[in-house]
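Peer 1: Sharing a structure with you now.
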Amino acid sequence: MLDLIKNHLAAVKARPAVTPLVLRKAHALYVNGQCQMLTCARDHFQLAIDDEFKDFDLVVELTAEGVVTRCNCRAAEAECHHAVAGLLELSDFLAREELPEAGSGQTYTREGMIKRVLDERREKAEQAEYRIDFADNPHGEHELLTEKGRLYKLTFRYIEAEQGYCSCPDYRTNKLGTCKHLMHAFDRFKKRGGPPLAGQDYPFVEIFLDPQRDNRIAWFYPHELPAAAAELIAGFFAADSTLTAEKTADFLAFIEAARELKEILIRPEVLAAMEEYFEERLLAEIREKRRPDYARVRAELFPYQKEGIEFALYRKGAIIADEMGLGKTLQAIATAVLKKDLFGFARTLIVCPASLKDQWQKEIERFSTERAVVVQGTPEERAACYRDSDAYFLICNYEATLRDLPLLQKYAPDFIILDEAQRIKNYETQTAGVVKQIPRKHALVITGTPIENRLVDLYSIVDFLDPQLLAPLWEFSYQHCCFDPRQRNKITGYYNLRSLKERLRPILIRREKKDVIRQLPHITHHDVPVDLHPRQIDHHASYANGVAQILRKKFMTPFDLQKLQLLLAKMRMVCDSTFLVEPEEEIHYSPKLDQLRHILLDQFDLRRSPRKIVIFSEWVRMNQLIGRMLRENNLGYEIGRASCRERV
């Protein structure tokens, strides 16, 4: 059926009577949501067309002779621009109806996914142009310089199995025991006819995180251990060369003793793992002994908000994912204030969308006794702010982190709060990489998006908070993602969500309104600032100039008053969408509509929720644009028209 409509539409577009102007007018009606499906049957569809000056009815029938359209506009040609617009809308409707079910697709076994990611790294290794300086000992440590100038150290353990160590970030988390740098280096080593590893002494007794045993601390030395090293290792490690669980708390003694033995090398990842272990123990002890004092929080907190604050307070990294309207900003501010009191933090950095910086500043000064400064101005002014400001809260937007990373690394905050984290949800974006490079002691992410919406986005956010929790990405993918068989990187659905929620329980807390309804007031008010598009700003300024010209008149005629009302109305209209003031344009700009889509689909998760939402707009055309957005996302809706008195 869809192919039949598409073929007919292509034939219509090819007719001489269907001019480029007719096609542009039809496309504008379709794109701007002015075609609405009224009824649909197996071979009969009725649509309403909201044209500029009049409404029209269109009927599309599928007959033995083909597709027949009838419009009550009485155009001379059978295929008017209303009919073309209706056919475009019908094609879109049928395409959505034939979409595959969510969750369908190809899944991988662990072995299958490992083969895939190893093949991907092998392909990159073969294409890379690295510079390698091989050590005189074939085991290493060798040095590899990437095309981007990054220097990594490599050690070869087993040349046949191509297993070894690399100091790159991928090796640290991928649990594969290799990486593209090691693959490239082993290949170059074999091609150059390097000396065999057999008979060569391994350069040191290596203490490392074993990637193939879930990054447990282990030791490696392929020869007989020196006597002093053997005695020390025997007191801490099991027969399988891994650290025994009961000795973890005492491992600092091993590290201290190993400093006296020149032949033992402890990898930096081991030291980082031990630091993390003791920090978690310390936080658990503080949680048991110290209770928060809310005296410096200038707000009456609900019990669920105190629960969220205390959840984040005693953790290095946390996500507060409460439903919109439950006061996540207040919880974040209170958490930062209490962390200052409890841990002696000197600075909190808030990273948020540019439109929310001023709102964050006002909320901080409203709910706490701390100062908040928005980082802005020239590079010199921003540098002075990071260096000299005595405010506890600094606020910047995501784009600023790209410019100011060296400053953020030099004057590192103690605590980072990411608002929504929308800009780091894509794992591979430059912004995500930069934000994750900012040093910090603790971090908090606040988001209203349910975890089930886009798990790969969630992976990136968790990677910011705790790179080890869900890593590596390939393991996360085979455990929870379905892939398109034809496009191997396209995810078509998710599964095994219950186990994922359990894995996230240590860092994520989420409450919906229905969970805490008895604690809430009957009505809450929440403003969402939205930046205008540059095109909207131009229109708004033009109308404001017209208003100013009229107001400068000493006397105004009735025509001036009418024009003044029109200009004021257009100033409000263009803030919703440029389409409301220039409907003839095929492209319209509406950041408000984009924000509404995010709230409805991500924060309220309407695709999976039975709730009903009432949306008011002063402008009928805006309601139509909203309706089209809802249809595109398979959300049902009704459009009603009522006066203010009728609504009350």
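Peer 1: For helix 303-313, report the angle its Cα long axis makes with the longest principal axis of the Cα atoms of the chain; keep it between 0 and 90° and round to the nearest 10°.
Peer 2: 40 degrees
Peer 1: What is the total of Lys pairs in region 517-635 with C-alpha atoms under 26 Å apart, excluding same-chain pairs fewer than 8 positions apart?
Peer 2: So the count works out to 6.
Peer 1: List the trypsin sites (Lys or Arg not before Pro) in region 189-273 that DSSP assigns to loop (not H, G, I, E or B) and whose Cβ has at most 12 other Cβ atoms within 10 Å. Which are they?
Peer 2: Sparse-neighbourhood loop trypsin sites (Lys or Arg not before Pro): Arg192, Arg259, Lys262.
Peer 1: Here's something else I'd like to know. For the Cα atoms of the chain, what angle does the longest principal axis make with the long axis of helix 81-97, in degrees from 0 to 90, nearest 10?
Peer 2: 30 degrees
Peer 1: So how much slack lies between Arg371 and Met556, counting 0.36 nm per residue of separation and subtracting their Cα-Cα distance, in nm?
Peer 2: 61.8 nm
Peer 1: Which FRET efficiency value, to the nearest 0.05, do you get for Lys247 and Glu224 by plugging their Cβ-Cβ distance into 1/(1 + (r/R0)^6) with R0 = 30 Å?
Peer 2: The computed FRET efficiency comes out at 0.85.
Peer 1: On to the next question. For region 228-260 and region 455-487, compute the distance between their C-alpha centroids and round to whole Å.
Peer 2: Each part's Cα centre sits 34 Å from the other's.
Peer 1: Charges on Cβ only, +1 for Lys and Arg, -1 for Asp and Glu, centred on the Cα centroid of the chain; of Ile255, Pro439, His142, which one is farthest towards the dipole's positive end?
Peer 2: With unit charges placed on the Cβ atoms, the residue in question is Pro439.
Peer 1: Determine the per residue accessible area of the chain with all protein chains present and a 1.4 angstrom probe, expressed in square angstrom.
Peer 2: Per-residue accessible area for the chain comes out at 53 Å².
Peer 1: Rank these residues by their accessible area, most exposed first, probe 1.4 Å: Glu111, Glu370, Glu300, Glu323.
Peer 2: Glu300, Glu111, Glu370, Glu323
Peer 1: Would you work out the charge dipole size for the chain about its Cα centre, treating the Cβ of every Lys and Arg as +1 and the Cβ of every Asp and Glu as -1, and quote it to the nearest 20 debye?
Peer 2: Using only the charged Cβ atoms, the result is roughly 1460 debye.
Peer 1: Which of the listed residues, Thr329, Gly112, Ile159, is farthest toward the dipole's positive end in the chain, when Lys, Arg count +1 and Asp, Glu count -1 at the beta-carbon?
Peer 2: Towards the positive end, the residue furthest out is Thr329.
Peer 1: Expressed in nm to one decimal, what extension gain is obtained for the pair Thr524 and Lys153 from 0.36 nm per residue of sequence separation less their Cα-Cα distance?
Peer 2: 127.9 nm
Peer 1: Rounded to the nearest 20 debye, what is the charge dipole size of region 529-619 about its Cα centre when +1 sits on each Lys and Arg Cβ and -1 on each Asp and Glu Cβ?
Peer 2: With Lys and Arg at +1 and Asp and Glu at -1, about 420 debye.
Peer 1: Where the centroid of each part is defined by its Cα atoms, how far is region 46-73 from region 312-376 in Å?
Peer 2: For region 46-73 versus region 312-376, the Cα centre distance is 55 Å.
Peer 1: Given the DSSP H assignment, sum -39500 (n - 2.57) over each helix run of at least 4 residues in the chain and divide by its residue total; what's the result at 222 nm in deg cm²/dmol, nearest 500?
Peer 2: So the helix-based figure for the chain works out to -13000 deg cm²/dmol.
Peer 1: Still on this structure, please answer the following. When only DSSP loop residues count, what GluC sites (Glu not before Pro) in region 530-625 have their Cβ near at most 13 other Cβ atoms within 10 Å?
Peer 2: Those that pass, being in a loop and sparsely packed, are Glu584, Glu586, Glu618.
Peer 1: Report the longest stretch of the chain that contains none of the chymotrypsin sites (Phe, Trp or Tyr not before Pro) sitting in a DSSP loop with at most 16 other Cβ atoms within 10 Å.
Peer 2: Looking at the chain, 131-426 is the longest stretch - no exposed chymotrypsin sites (Phe, Trp or Tyr not before Pro) with at most 16 other Cβ atoms within 10 Å.
Peer 1: Another question about this same structure. Region 158-245: which GluC sites (Glu not before Pro) are DSSP loop and have at most 10 other beta-carbon atoms within 10 angstrom?
Peer 2: Passing both the DSSP loop test and the Cβ count: Glu160, Glu224.
Peer 1: Within region 120-278, count lysine pairs with alpha carbon atoms under 16 angstrom apart where the residues are 8 or more positions apart or belong to different chains.
Peer 2: Close lysine pairs under the 16 Å cut-off: 5.
The values are calculated or read from the model by the stated rules, or taken from the named source; none is laboratory data. Since we're looking at a predicted model, the values are computed, not measured. Neighbour counts run over all protein chains shown; Cβ positions are idealised from the backbone, glycine included. What goes into the accessible areas is simple: the full protein's heavy atoms, side chains included, and nothing from ligands, DNA or RNA. Shrake-Rupley method; radii C 1.70, N 1.55, O 1.52, S 1.80 Å.
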